[in-house]
Each structure stands twice: as structure tokens, then as C-alpha cells.
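The values are calculated or read from the model by the stated rules, or taken from the named source; none is laboratory data. Predicted model, so just to flag it, every value in this text is computed and none were measured. Cβ placement follows ideal geometry from the backbone for every residue including glycine, while neighbour counts extend to all protein chains displayed.
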């Protein structure tokens with residue numbers, strides 16, 4: 001084991017992009033140092049959580065003196081590997097897939113959907129938001145060894161088959177909007193975006209808040 | 001304080017919809033009892049997490065003997081208030097808003113987008129997926145006291161103003177796709193869906209997994 005850092009929790013990992021975006025913006029505003037209490041006000045995360053998260057990445061600074069923005073940008077940028085641009089494929093160009101193509105993570109120049117696939121003959125061999133849409137059956141012809149990431153916006157019923165095919169062509173990172181968990185190869189990481197669950201969680205939290213008042 | 005139950009963590013709350021969906025499906029399949037280890041295999045959450053989560057809601061059963069599916073469906077259904085249908089408004093009918101209207105949470109009959117609003121004159125006074133789209137300026141005329149929930153698919157620049165207006169008309173639960181945190185009233189709950197951060201977290205996790213191998 002070369003890696004001697006402590007294991008970082010999933011919850012902490014999920015906050016890294018938020019931290020990174022905040023410190024980049026602070027750097028652009030000319031801020032040099034920040035204390036956890038001030039950062040907490042900006043990103044709405046408790047300052048104790050921020051200090052605990054930051055300490056889990058090693059020496060990012062002392063909270064009493066404040067953290068160096070330059071150090072935070074550097075460290076979180078390295079963690080997120082932001083200097084290497086990520087080529088992403090999209091599978092499924094229904095309403096949601098089309099919206100993702102039109103937006104194409106324009107807030108982040110390092111994340112690029114480079115091509116899309118669909119099984120519907122009426123949707124393929126076009127461009128949406130400038131991105132070519134190919135028949136899913138021609139995936140093999142379009143893949144290259146630099147592509148490891150896919151976004152899925154396909155019906156749940158199609159998901160298992162699509163993931164198996166993607167794995168066979170070297171995809172190991174998948175973000176999907178079909179929430180039914182799928183068995184995948186050990187080297188594959190799947191992130192499920194479940195908007196129904198997100199909405200239910202919101203409603204639960206909002207109802208609890210109203211009960212307390 | 002009437003509520004004597006222990007405080008339930010945010011992470012646990014975010015898993016309730018997932019648990020609920022899984023146990024409803026198991027009930028439909030005729031399963032009567034389930035052990036945490038088996039549930040873990042189905043929903044890809046560690047069995048220790050499942051047991052800890054379940055115990056935080058009181059007596060849901062003994063893990064050695066297995067949990068009663070009927071009890072779990074009943075309890076989680078009550079927690080999520082699934083018997084009361086939720087009328088939701090959508091603000092912003094760009095590509096993403098349009099996709100949400102076309103889908104309209106059809107997996108869950110209790111979640112309904114009942115109307116949509118947009119500031120663009122070219123997009124209003126139409127129906128998308130059967131849902132009427134009104135001018136945002138006419139919000140007051142369309143709101144009623146049963147509507148407390150909104151989904152926002154507006155540009156970040158418009159978000160603060162829109163949230164202030166929604167709050168003034170009784171909305172206290174907001175799910176938004178513009179990730180920049182917004183100051184809101186104490187009674188308002190906002191849930192941010194940040195697809196860029198979700199993708200970055202996925203890539204971080206996938207890269208870590210490849211390093212270990």
C-alpha cells in the first residue's frame with residue numbers, strides 16, 4: 001500500500017466538488033485566506049464539518065489562522081483531477097438526454113460530452129447542441145481508449161443491457177438517471193441520480209421543519 | 001417537545017425513499033420478511049448501515065429474525081407521507097424543465113407537477129406533457145394554499161429572485177438544478193441537484209478505484 005492517507009468517507013468525497021467550486025470563486029474574487037466559519041456561511045455546510053473534511057486530506061492549513069485559498073484550490077483541483085479533460089459519452093437522447101447535450105456541463109470546461117448514442121433510428125445521425133448522435137449498435141466503431149465515462153438517460157428496462165455493453169467497451173464510470181440498482185463489474189463505479197427520491201427527501205425534510213415550528 | 005424519537009441524520013433521511021421503493025417492490029413480489037444482509041444485496045447499501053438506519057426509526061423488527069416487509073412499507077410510507085398527493089409547480093421550461101414535465105414523476109403517482117411557469121413569452125400559454133405553462137408574472141393568480149412545493153430549472157442568475165417570489169406565495173420546499181447556494185427564509189427547505197458535482201464525485205470515486213487495483 002503506497003497510500004498512507006486515512007480513508008476518506010463518501011459524504012466527504014461528495015462535498016469536494018462543492019468546496020472546489022467555492023474556493024475557485026473566492027480566488028477569482030481575490031480572497032487569499034478563509035476561515036471555516038466564513039466558508040460555512042457561503043456554502044451552507046457546518047464549519048465543524050468543513051474542518052473535519054479538510055483535516056481528512058492532510059495538512060490544508062490551520063483553522064484558527066484560516067486556510068490558504070491557493071492551497072485549497074491546488075489540493076482540491078488535484079483530488080478532482082481537473083487538469084485532465086474528461087471525454088464523456090451520453091446514451092439515450094430523450095428529453096433529459098437532449099437537455100444534458102444542450103447544457104453539456106458548460107460551467108465546467110473539463111467535462112465534455114463528446115458524442116451520444118440512441119437505439120431509435122429517428123434520433124440518430126443528427127447533432128444536438130453540436131454533439132453527434134450515433135446508433136447505439138455502432139458504439140464499437142466510435143469508442144476509443146481515452147473514453148471511460150458515460151451518462152445514461154435510458155429507460156430503466158434498457159439499463160442493464162446498456163451497462164453490460166458499455167463495460168465491454170472500457171467504460172468504468174457511469175452516471176445514470178434510472179434509479180433501479182444494477183449489478184456491475186467490480187471495476188465499474190455507478191452513480192445513481194434519482195430525482196424522485198431527491199424530491200421525496202426534500203418533502204420529508206420540509207414537513208419535519210414545519211412540524212417543529 | 002412531543003417528538004421523543006432520536007434525531008435522524010440527513011444521510012439516513014436521504015436513504016428512506018430508496019428503502020421505501022425496495023420494500024414496496026418486495027411486497028409486490030410476495031416477500032414477507034427480509035434480513036438486512038439480503039436487502040443489502042438488492043439495494044447496494046451495507047447491511048450495517050441498513051440496521052443502524054432502521055433502528056433510528058424505533059422498533060422495526062429484529063435483524064436476526066428479519067424485518068417484516070409489511071411493517072417496513074407501513075412505516076416508511078408514513079415517514080414519506082405517501083398517502084397525501086403532492087401538487088408541485090415547475091419554474092423554467094427550458095430543455096431540462098421540459099424533460100421534467102414530460103416525465104412528471106410517472107413512477108410515483110403521488111408526485112405531480114400541476115403547472116409550470118416561465119418568463120419567456122414564447123414558451124407560455126401552451127401545454128407540455130399535458131401540463132399548462134403560464135407566465136411567471138401571473139404566479140399570484142394561479143397559486144393556491146395547497147401548493148407548497150416547487151422545482152426550479154431556471155438559470156443561476158434568475159434563481160435568487162425566483163425563490164424570493166415563491167416564498168412570498170407560500171412555497172417552502174424547493175428542489176433546484178442551479179447549484180449556487182441561495183439565502184432563504186428559515187421556513188424554506190432547498191434541495192440542490194448539482195449534476196456537475198455528481199459527475200465529479202463519480203469520476204473521483206472511479207479514479208480512486210482504479211488506483212487501488
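Name the one entry in A:90, A:139, A:100, A:96 that is part of a helix (DSSP H, G or I) and touching a residue at least 60 places away in the same chain (Cβ under 8 Å).
Matching residue, one of A:90, A:139, A:100, A:96: A:96.
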#### Entry: Any hit, segment A:164-173, residues being touching a residue at least 12 places away in the same chain (Cβ under 8 Å) and closer than 15 Å to residue A:92 by Cα
yes
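Regarding segment B:191-210, can at least one residue be identified that is over 24 Å from residue A:86 (Cα atoms), in contact with a helix residue (DSSP H, G or I) (Cβ under 8 Å, 6 or more places away or on another chain) and not in a loop (DSSP other than H, G, I, E, B)?
yes
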#### Entry: Failed condition for residue B:182, given (1) in contact (Cβ under 8 Å) with a residue 24 or more places away in the chain; (2) more than 20 Å from residue A:96 (Cα to Cα)
(1)
### Query
Within segment A:74-87, can you find the residues that are surrounded by 15 or more Cβ atoms within 10 Å (Cβ to Cβ) and assigned to a loop (DSSP other than H, G, I, E, B)?
A:82
### Query
If you go through segment A:203-213 one residue at a time, how many are surrounded by 20 or more Cβ atoms within 10 Å (Cβ to Cβ) and either touching a strand residue (DSSP E or B) at 6+ places or on another chain (Cβ under 8 Å) or more than 7 Å from chain B (Cβ to nearest Cβ) (or both)?
2
### Task
Inspect all residues belonging to segment B:68-79 and state whether any of them is in contact (Cβ under 8 Å) with a residue 60 or more places away in the chain and within 11 Å of another protein chain (Cβ to nearest Cβ).
yes
### Task
Look through segment A:49-67, keep the residues that are within 14 Å of chain B (Cβ to nearest Cβ) and assigned to a helix (DSSP H, G or I), and return whichever of them is surrounded by the most Cβ atoms within 10 Å (Cβ to Cβ).
A:50
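Yes/no matrix, rows are residues, columns are (1) under 25 Å from residue B:191 (Cβ atoms); (2) over 15 Å from the mean Cα position of the chain (by Cα):
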| site | (1), (2) |
| --- | --- |
| A:12 | yes, no |
| A:21 | yes, no |
| A:26 | yes, yes |
| A:32 | no, yes |
| A:40 | yes, yes |
| A:47 | yes, yes |
| A:58 | no, yes |
| A:65 | no, yes |
### Query
Quick one: would you say residue B:150 is touching a strand residue (DSSP E or B) at 6+ places or on another chain (Cβ under 6 Å) and part of a strand (DSSP E or B)?
yes
### Summary
Subset of segment B:115-127, residues assigned to a strand (DSSP E or B) and either exposed (fewer than 13 other Cβ atoms within 10 Å of the Cβ) or modelled with pLDDT under 95 (or both), comes to B:126, B:127
### Summary
Within segment A:160-201, the residues that are over 21 Å from residue B:205 (Cα atoms), surrounded by fewer than 22 Cβ atoms within 10 Å (Cβ to Cβ), at the interface with chain B (Cβ under 10 Å from one of its Cβ atoms) and over 19 Å from the mean Cα position of the chain (by Cα) are none
### Query
In this structure, is residue B:20 surrounded by 19 or more Cβ atoms within 10 Å (Cβ to Cβ), within 14 Å of chain A (Cβ to nearest Cβ) and at pLDDT 85 or above?
yes
### Query
How about segment A:135-159: which of its residues are more than 13 Å from chain B (Cβ to nearest Cβ), surrounded by fewer than 15 Cβ atoms within 10 Å (Cβ to Cβ) and under 22 Å from the mean Cα position of the chain (by Cα)?
A:144, A:145, A:146
### Task
Those residues that are buried (at least 22 other Cβ atoms within 10 Å of the Cβ) and at the interface with another protein chain (Cβ under 7 Å from one of its Cβ atoms), I need them from segment A:94-113; list them, please.
A:96, A:98, A:99
